[in-house]
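Before any comments, here is the structure.
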Amino acid sequence: MASISNAANSITLKSSKMYNAEVQTNNSRVLLKDLTGNGKKIIFLFFSDYCLQCHWELDSLNKILPELAKKNIEVIGIAIDSKNSKSAIQEFVKEKNLKMKIVYDLKDEAKNIYQIRTLPHTMVVNNSGRIVYEVSGFNKETMPFLRQVFTEVAKIN
C-alpha cells in the first residue's frame, strides 16, 4: 500500500469496491457505484449544510472544478443531511453557487454503508470504480494536501 501524508493529514492508498448504496438525484434514485467506472475518476464529498468544514471544502472544490476536469476528475457532492428536506439542500447549493453534481442521501444509506462518521468525508474513486483514497475532516492544510492527492489520482487508473 502507498500513502501520501503531511503533518496534519494522511491518506492511505486503498483498493476497495463501491457498494450498492442508493442515492437520489433530482429526478431518480441511482446506485453510487453506477456513477463510477465511466472512464473518469470521481471525488465523492459527503457533506451537510450545517457543517462549517463542509462549507470550506465545498467552496475549495468548487473553485478548482475546471482544473480537476482537465485531469478527468469529476466531483459529486453527497448531501447526507437527513435533518433537512431535499428542497432545503437545493437552496443551500444554489446559495453557495455550487457547480458540481449533487446527489442526496436523505435516508443515510450511503453514510451507513461507507461508515461515514466525520464530515466532510472525501472518497476518491479511480476510473475502474474502486475507492483509492479517503480522508475525513477539513482544515487550512487540507486543500493543498488534497491537491497533491488529486495529482496522484490523475496518474492512476
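The values are calculated or read from the model by the stated rules, or taken from the named source; none is laboratory data. Quick caveat, the model's predicted, so the values are computed rather than measured. All Cβ positions, glycine included, derive from the backbone under ideal geometry; neighbour counts span all protein chains shown.
Would you check if there is a residue in region 133-140 being among the polar types (S, T, N, Q) and either surrounded by fewer than 21 Cβ atoms within 10 Å (Cβ to Cβ) or modelled with pLDDT of 85 or more (or both)?
Yes, because at least one residue in region 133-140 is among the polar types (S, T, N, Q) and either surrounded by fewer than 21 Cβ atoms within 10 Å (Cβ to Cβ) or modelled with pLDDT of 85 or more (or both).
Could you tell me which of the residues THR122, THR118 is hydroxyl-bearing (Ser, Thr, Tyr) and touching a residue at least 40 places away in the same chain (Cβ under 8 Å)?
THR122
For the structure I just gave you, tell me whether LYS99 is farther than 18 Å from GLU22 by Cβ and surrounded by fewer than 16 Cβ atoms within 10 Å (Cβ to Cβ).
Considered against the rule, which asks whether it is farther than 18 Å from GLU22 by Cβ and surrounded by fewer than 16 Cβ atoms within 10 Å (Cβ to Cβ), LYS99 comes out as yes.
Any residue at all in region 121-134 that is more than 17 Å from ILE42 (Cα to Cα) and either in a loop (DSSP other than H, G, I, E, B) or in contact with a strand residue (DSSP E or B) (Cβ under 8 Å, 6 or more places away or on another chain) (or both)?
no
Do we find that LEU146 is within 13 Å of the chain's Cα centre (by Cα), buried (at least 16 other Cβ atoms within 10 Å of the Cβ) and farther than 24 Å from ARG29 by Cα in this structure?
Yes, satisfied.
Looking at LYS63, LYS41, LYS17 in this structure, which one is at pLDDT below 90, basic (Lys, Arg), under 15 Å from the mean Cα position of the chain (by Cα) and under 22 Å from ASN126 (Cα atoms)?
Checking each option against the conditions leaves just LYS41.
Keeping to region 72-86, report how many residues are of a type outside the set (Asp, Glu), surrounded by 15 or more Cβ atoms within 10 Å (Cβ to Cβ) and more than 12 Å from the chain's Cα centre (by Cα).
1
Since ASP34 meets every condition but one in (1) at pLDDT 80 or above; (2) part of a loop (DSSP other than H, G, I, E, B); (3) within 21 Å of ASN72 (Cα to Cα); (4) of a type in the set (D, E, K, R), which condition does it not meet?
(2)
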